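Just so it is clear, none of the values below were taken in a lab; they were calculated from the coordinates. The structure presented is a predicted model; accordingly, all values stated were derived computationally and were not measured. Quick reminder, even Gly has a Cβ in these numbers, built from the backbone with ideal geometry, and neighbours come from all protein chains shown.
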Amino acid sequence: MIEKTAAELSSALAKGDISSVELTRAYLERIARYNYQLNAFITVCEESALKQAQTADEKRAAGDRSPLLGVPLAHKDIFCTQGVTTTCGSRMLHNFVAPYNATVVEKFSAAGAVMLGKTNMDEFAMGSSNETSFFGPVRNPWDTKRVPGGSSGGSAAAVAADLCAMATGTDTGGSIRQPAAFCGITGFKPSYGRVSRWGMIAFASSLDQAGPLSKSAEDAALMMNVMAGLDNKDSTSIDLPVEDYTATLNDSLQGLKIGIPRQHFAAGLGAEVEQAIRDALKEYEKLGATLKEVDLPNNHLSVSAYYVVAPAEASANLSRYDGVRYGYRCENPVDLEDMYKRTRSEGFGDEVKRRIMVGTYALSAGYYEAYYRKAQKIRRLIKQDFNNAFDEVDVIIGPTSPHTAFELGAKTDPVTMYLEDIYTIAVNLAGLPGISIPAGLAQGLPIGMHMVGKDFGEAQILNIAHQFQQQTDWHRRKPALGQEG
Ligand code: GLN
């Protein structure tokens, strides 16, 4: 049962083939058996999960038919969970117990989903390999010598290894889509503003967006039905009606115009990845779509612009960790300044400190115009590139990452790591929805296909992704881990 999609579990629960308590037990047993190899969970909530499962079974007996009622999920440890440690992968918050639930957490709880625990992540969501976590790296279930991608690597590994049915993540520059690609699952970043950021620990507020990591596009749609919507507690959440994202999954793709971004099929792209994506595009042609090359001429500036904007916002957001209000405080400070200094020196890891320094520099008087304002101008150009492309096509499809999962420790230079997001980062700068779905294997490692939709076109890209998954079984492939019986 545990290998099934959330949609399949939902109908098994509805038919009474299994109870939520049985299902939850099965996942907890699997976590107990495999998490030590993967390090995907920071916290496992055994007792409360079983209690929630029991409640879900009672609600079902009383006639509740919510689709995700009793389906077990995991939350990235960036979402505040009341009464449960919320670490953000950092020493700074290693002992922080949130006093309230993030809106996303609250919504899943109201929908009756069972929270199994909190997943590992790069510290403050800064990273592409999950190696910056204070709690140690996560390992890729397809090959435990390799990284799962980041920063939502714990969620991706947990879903891929069937340690949960579905998981939440956040994506500031690629952190849902790239780990989904590396772990062979579906990862969806909604349009900026579609999902509330309230209670989600802030990294770069104008880029951060929560979304699903799941076993299929259909599951992502089910999760979006719960997650999306206006939240008065988040002034950037958008006041647009929430669609039923499952309603249009089976729409025909006849006449769909797919844009192939020239800049994503250029130097740097691995041959096997390129071949897998080109093969996948042929599937779409069979479904009635047409392909057209499009230009994203400013894409090469996206990583540079992002590494000004994101650190600038991070430096402001992370100023709140001062030893007074949250989490870690250094031992025996001699005075206030000593406390600030040592708390922050000891509480943050190297990558976080690098970002704070870069961001503070970019925002300082004298450099603001040269860096921050220039980056914002580039952001505008990038958005314009997408607008121009969408005048001609309905969706843009390419690779999620130039390569498959790399080995732990393989990328030591920060800039090499930053270039991981070369195909995904522009989507955050433009605020658009993007999804990664499995589209092949190279040397036994998953390849991700990336699709970008128009503003608030979540229903359409979920439809496009689902149609591919109706024709192919890449999303059904499983890592060797756990298959030994
Ligand atoms: N890899 C990018 C970074 O390190 C994006 C991270 C994210 O999307 N949270 O900032």
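Excluding same-chain residues fewer than 8 positions from K341, which lysines have a Cα within less than 21 Å of its Cα?
Answer for K341, where 21 Å is the Cα cut-off: K353, listed by chain and number.
T400: net charge of surrounding residues, Cβ under 13 Å, Lys/Arg +1, Asp/Glu -1, itself excluded?
So the environment of T400 carries a net charge of -2.
Can you tell me what the convex hull of the Cα atoms of the stretch 66-222 projects to on average, as an area in nm²?
7.9
Looking at N232, S214, Y328, which one has the Cα that reaches farthest to the positive end of the dipole of the chain (charges on Cβ: Lys, Arg +1; Asp, Glu -1)?
My answer, from the dipole projection, is Y328.
Rounded to a whole number of µm²/s, how large is the Stokes-Einstein D of the chain at 37 °C and 0.692 mPa s, given Rh as the Kirkwood radius over C-alpha pairs?
Once the numbers are plugged in, D ends up at 148 µm²/s.
List, largest first, the extents of the alpha carbons of the stretch 256-326 along their principal axes, each in whole Å.
Over the stretch 256-326, Cα extents along the principal axes are 60, 24, 24 Å.
Give me K215, K383, K286 ranked fewest to most by other Cβ atoms within 10 Å of their Cβ, as a rough exposure proxy.
Fewest to most other Cβ atoms nearby, the residues stand as K286, K383, K215.
log₁₀ I(q)/I(0) of the stretch 292-414 at q = 0.19, 0.22, 0.23 Å⁻¹, via Debye over equal Cα point scatterers, no solvent, to two decimals?
The Cα Debye sum returns log10 ratios of -1.08, -1.18, -1.21.
Calculate the radius of gyration of the Cα atoms of the stretch 6-103 to one decimal place, then report Dmax, the largest Cα-Cα distance, as a whole number, both in Å.
Gyration radius and largest Cα-Cα distance of the stretch 6-103: 14.9, 45 Å.
Could you give the dipole magnitude of the stretch 353-404 about its Cα centre, charging the beta-carbon of Lys and Arg +1 and that of Asp and Glu -1, in debye to the nearest 20?
That gives the stretch 353-404 a dipole magnitude of about 560 debye.
For the stretch 218-279, what D do you get in µm² per second when you plug the Kirkwood radius from alpha-carbon pairs into Stokes-Einstein at 10 °C and 1.306 mPa s?
Reported coefficient: 102 µm²/s.
How big, in percent, is the set of alpha carbon pairs in the stretch 201-306 lying more than 19 Å apart?
Considering the stretch 201-306, 67 percent of its Cα-Cα pairs are separated by more than 19 Å.
Let's see if you can work this out: charge +1 on each Lys and Arg Cβ, -1 on each Asp and Glu Cβ, no other charges. What is the dipole magnitude of the chain about its Cα centre, in debye to the nearest 20?
Charge dipole of the chain: 400 debye, to the nearest 20.
Arrange the following residues from fewest to most other Cβ atoms within 10 Å of their Cβ: S214, S66, S252.
S252, S66, S214
Treat the stretch 93-166 as a sphere of radius equal to its Kirkwood radius over Cα pairs and apply Stokes-Einstein at 37 °C in a medium of 0.692 mPa s; give the translational diffusion coefficient in µm²/s, rounded to a whole number.
Translational diffusion coefficient: 248 µm²/s.
With an 8 Å cut-off on Cα pairs and a minimum separation of 6 or more residues, tell me the relative contact order of the chain in percent.
Relative contact order comes out at 18 percent.
Quick one: 3J(HN,Hα) in Hz for the stretch 346-363, Karplus 6.51/-1.76/1.60 with θ = phi - 60°, rounded, Gly and Pro as x.
Using θ = phi - 60°, the values come out as 7, x, 9, x, 4, 5, 5, 5, 4, 5, 4, 5, 4, x, 5, 4, 5, 8 Hz.
Rg to Rh ratio, the stretch 354-415, alpha-carbon atoms and Kirkwood radius?
Radius of gyration relative to Kirkwood radius: 1.13.
So if I place +1 on the C-beta of Lys and Arg and -1 on the C-beta of Asp and Glu, and nothing else carries charge, what would the dipole magnitude of the stretch 111-261 be about its Cα centre? I want it in debye, nearest 20.
Computed charge dipole of the stretch 111-261: roughly 320 debye.
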